[in-house]
Amino acid sequence: MNASLFLAAVFLPKKYFLPLVIFPSLGVLARGIIFGPFTLFLVYFLPFIWLANLILIFIFKVFFLKVKYISSVFFASIVKFLFLFAVANICFNFHLVPKLFLQTMGLLQLFTALAGGIISFAVFNIYRNR
């Protein structure tokens, strides 16, 4: 998913960003794919996940125009991770979500965003060199 967000920032007009960040997480929620029985807690997180993905796209897009691709991936991934981890901590402290969310909205988000960025970089270079 993160690879498609990075590539969308490069290749798609802004009007496609919202559907791209909203629909996949609705599919995950409907199928209970990631959290299984904890899927109900994901409802609290959907707006924050959408916002985090938009943050990732916009920060990457701004920095992509000014600095190298990988540097932009790194910075956008860090900001997405910090945002989601902060929200997860707040929700956990208010007993809105179980501790599982601290793990899934923590370093796992950073690693998956960075992995998506590396994959998108490879795809970008293949596409650019055609």
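The values are calculated or read from the model by the stated rules, or taken from the named source; none is laboratory data. Everything quoted here is computed from the prediction, not taken from an experiment. We place every Cβ from the backbone using ideal geometry, glycine too, and count neighbours over all the protein chains shown.
Here region 74-94 is the region considered, the condition is being among the β-branched types (Val, Ile, Thr) and under 11 Å from the mean Cα position of the chain (by Cα), and the residue that is surrounded by the fewest Cβ atoms within 10 Å (Cβ to Cβ) is 78.
Within region 43-50, can one find any residue that is more than 14 Å from the chain's Cα centre (by Cα) and farther than 22 Å from residue 125 by Cβ? Among the residues of region 43-50, at least one is more than 14 Å from the chain's Cα centre (by Cα) and farther than 22 Å from residue 125 by Cβ, which makes the answer yes. For beta carbons closer than 9 Å, sequence separation of 6+ or different chains, a first residue in region 107-130 that is more than 14 Å from residue 4 (Cβ to Cβ) and assigned to a helix (DSSP H, G or I) and a second that is charged (D, E, K, R) and at pLDDT 95 or above, the qualifying pairs are 109/80; 110/80. Among the residues of region 22-42, is there at least one that is touching a residue at least 12 places away in the same chain (Cβ under 8 Å), surrounded by fewer than 18 Cβ atoms within 10 Å (Cβ to Cβ) and not in a helix (DSSP H, G or I)? Looking through region 22-42, at least one residue is touching a residue at least 12 places away in the same chain (Cβ under 8 Å), surrounded by fewer than 18 Cβ atoms within 10 Å (Cβ to Cβ) and not in a helix (DSSP H, G or I).
Within region 46-67, no residue that is touching a residue at least 12 places away in the same chain (Cβ under 8 Å) sits with its Cβ atom under 6 Å from a residue that is of a type in the set (A, V, I, L, M) and surrounded by fewer than 14 Cβ atoms within 10 Å (Cβ to Cβ) at 6+ positions apart or across chains. Of note, residue 115 satisfies the criterion of being touching a helix residue (DSSP H, G or I) at 6+ places or on another chain (Cβ under 8 Å) and surrounded by fewer than 17 Cβ atoms within 10 Å (Cβ to Cβ). Total residues in region 95-111 satisfying the condition of being crowded, with 19+ Cβ neighbours inside 10 Å and at pLDDT 95 or above: the figure is 0.
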